[in-house]
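A quick write-up on the structure given underneath.
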Amino acid sequence: MNAASDPIELSERLRPRILPRPRDAALYARAQREGLSELQARILAGRLAGFTGEIGPLVTPSLRHLAHPDRLADGRRAAERIARAVVDGEHIGILTDYDVDGITSHVVIRRTLVELFGVPEAKLHSLIGHRIHDGYGISLPLVERTLALSPRPTLVITADCGSSDEPRIARLAAAGIDVVVSDHHALPVEGPPPSAHAVVNPTREDCAYPDPTIAGCMVAWLVMSLARGVLIEWGVLAETTPKLSPWLSYVALGTVADCVSLGGSPANRAAVTHGLALINRMEAACWRAMAERLGADSVPFDAETLGFQMGPRINARSRLDDPYAALHFMLAEQDHVASRYLDVLDQDNQSRKAIEADMAEEAKALALPALAAGEPAVVVFLESGHPGVQGIVASRLVQAYGRPALVLTPAAAPGMLTGSGRSIEGLHLRDALQRTYELAPEALPRFGGHRGAAGVGVPVDRLDAFKAAFLQAVGEQLGGAALYPKILTDGELGADQLSLATLDELQALGPYGREFEAPLFQGDFVVEALRPVGADGTHLMLELSSGPVSLKAIWFRALTPGEIPAFGVGDRLRCAYKLNRNRWRGRESLQLMVEHAAPS
């Protein structure tokens, strides 16, 4: 048996390693000079390597830091076309993606048209594709559905999709339907789709908007804000017409759930901060229904509530079924209606979790040969896998193995596979797929996405060629870097820092999310008590001590069903952990959320 296939050696190579984050020394010093505490400076310097911009807009997010939407290429042209449709009483189609970003974009556009611009509901058509039956973007089935409408819309506004859909846009244009694209996904190398009336996308090379990382819902919000301005200029709306600020609650949810950057992006940080403040007023039925479902101790919501509670429930619907229940949940005006739709989303989310667990187990078994061979990425084909859960399973593989992952399942089209990928910090996934296409164009007729996530379409009979080209492309980008699961922390906390005051200090830097991850620390603790909890005994409730301080801790998914912990009372553990505010019957205490632990 050679070393590469030795299961003990492989297990050692895949052992998660707790490592301190690299820290930008110049930013660390500058942040402290500008008034941040040592701990806050540490957090900032560990996430924004090379950042030379102003610190203020990041640490005190404000809407005044949003750039004016007229800096968006084609923004004015898009707004004027929407305004003309409003004035002339045209039928309008709203065509968006089926994920949280798409659904929240849909709500922003629809509520603006109806509540601010006075467009009758009867003149609006919601066009959201079915992930499995229709596919992503302006798909051919969606085009056929649009053309079959009576009366047919003369304008289609897209959000969170459309940049790579020229053939279908051309079909709509030939039928006399103008298409205004608002999107944030990377454009194809040939540029914006020429058949569209306007293409508003901050990633355009000719776009002067200063932040290309904004989510699709934010692009939609900016476009509709511009349309409001045009209608006021034309004298159609009064100058006192409300602004779109209240809809930033939806933008906050879509921004967090779509995992766009919350690092060096003043726009995203401002939208999420302001949106959370709006959400916590609980003025919309969807927020109230979710708060009731999660319990009184869940309020106020934070970015983690959006990312780990609301986002997965809305996404689960489109992963398993048509997405309209999610849209109706977000638009519900009465609490009992929102609660009824939330029941549907909850059921789908539970089904999604069961499907995900089975697929992840199969995917990990199929990944072993690639890991033993030291391949720089994992590509697995699950013959009976559910296409709606590919991305989540890919994320699980990335977490487990510390390398990019692609999960493929059979597509609806005969002879085709569909897949979703997730990346690691050092790899731009869409660039890797562009290189894959250059190496083997026949093996990758369809792909799209961004740095961290992407989707692909691969012919079944070209799977081997695709995998070879993709591994080459990934290898070229990574350049032989050592790949293993890394748990990057912000260093150690002293026993005197294990307090709610420290948590307040950290929360003042929020919101946290992609490229501005929540603070994670490392340290040695003595186990004072432990017991398995949860329906299948896979979580661990712990009491840990550090010097004179003793704290409650929880470690989710610490064990597999039936597994016995490898440590006991009195043992010393090396932990990677987050600080958490535990609320119980109106009382607050500090709790540690253990991410990984091993005997030290």
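Every number in this text was worked out from the coordinates using simple rules, so none of it is lab data. Since we're looking at a predicted model, the values are computed, not measured. Cβ placement follows ideal geometry from the backbone for every residue including glycine, while neighbour counts extend to all protein chains displayed.
Using a 7 Å offset from Cα along Cα-Cβ at A413, what residues in the range 431-460 end up with backbone N under 11 Å from the label point? Under cut-off, by backbone N: 444-447, 457-460.
For A325, what charge total do you get from the other residues with a beta carbon under 13 Å from its beta carbon, if Lys and Arg give +1 and Asp and Glu give -1? Charge balance near A325 sits at -1. Gain on full extension, evaluated as 0.36 nm per residue between A208 and D88 minus their Cα-Cα distance, stands at 40.1 nm. Work through the residues other than R340 whose Cβ is under 15 Å from its Cβ and net out their charges, Lys, Arg +1 and Asp, Glu -1. My count for the surroundings of R340 gives -2. When only Cα pairs below 8 angstrom with a gap of at least 6 residues are kept, the chain shows a relative contact order of 13 percent. The ranking of L406, L48 from fewest to most other beta carbons within 10 Å of each one's beta carbon is L48, L406. Shown here are the Rg and Dmax of the Cα trace of the chain, at 24.6, 80 Å. Between T154 and L500, full extension at 0.36 nm per residue minus the direct alpha carbon distance yields a gain of 118.9 nm.
Sorted into 10 angstrom bins from 0, the C-alpha pair distances of the range 47-117 split as 14, 31, 32, 17, 6, 0 percent. Using the Cβ-Cβ distance between E233 and V114 with R0 = 30 Å, the FRET efficiency computed as 1/(1 + (r/R0)^6) comes to roughly 0.90. Using 0.36 nm per residue and subtracting the Cα-Cα separation, the extra length available between I564 and D524 on full extension is 12.3 nm.
From the Cα gyration tensor of the range 374-484, with a ≥ b ≥ c the square roots of its eigenvalues, which class applies: rounded if a/c is under 1.5, or else prolate if a/b is larger than b/c, or else oblate? Because a/c hits 1.5 or more and a/b fails to exceed b/c, the range 374-484 counts as oblate. The lysines within cross-link reach of K243, meaning a Cα-to-Cα straight distance under 26 Å and a gap of 8 or more places when in the same chain, are K123.
Taking every DSSP helix (H) stretch of at least 4 residues in the chain, weighting each as -39,500 (n - 2.57) and dividing the sum by the residue count yields a mean residue ellipticity at 222 nm of -11500 deg cm²/dmol. Each residue of the range 390-395 was assigned a 3J(HN,Hα) from its phi angle through the Karplus expression (A = 6.51, B = -1.76, C = 1.60, θ = phi - 60°), giving 4, x, 5, 5, 4, 4 Hz with x at Gly and Pro. For every other residue with a beta carbon closer than 15 angstrom to the beta carbon of F470, add +1 if it is Lys or Arg and -1 if Asp or Glu, then tell me the sum. Counting the neighbours of F470, the net charge comes to +1.
Taking 7 Å steps out from each Cα toward its Cβ at D536 and A373 produces label points 3.1 nm apart. Rg then Dmax, both in Å and based on the Cα atoms of the range 487-560: 14.2, 37. Ordered by the count of other Cβ atoms within 10 Å of each Cβ, fewest first, S395, S249 give S395, S249. The charge dipole of the range 283-357, taken about its Cα centre with unit charges on the Cβ atoms of Lys, Arg (+1), Asp and Glu (-1) only, comes to about 220 debye. Placing a label point 7 Å from the Cα of L294 along the Cα-to-Cβ direction, the residues of the range 262-276 with a backbone N closer than 20 Å are 262, 269-276.
Remark: W247, W234 ranked as W234, W247, counting other beta-carbon atoms within 10 Å and listing the fewest first. Taking label points 7 Å from Cα along the Cα-to-Cβ direction, H328 and A26 give a separation of 5.6 nm. Bridging of K353 to lysines at a Cα separation below 26 Å is possible for K364, K486, K578, once same-chain residues fewer than 8 apart are set aside.
Using the Cβ-Cβ distance between A170 and R557 with R0 set to 56 Å, the FRET efficiency from 1/(1 + (r/R0)^6) comes to roughly 0.70.
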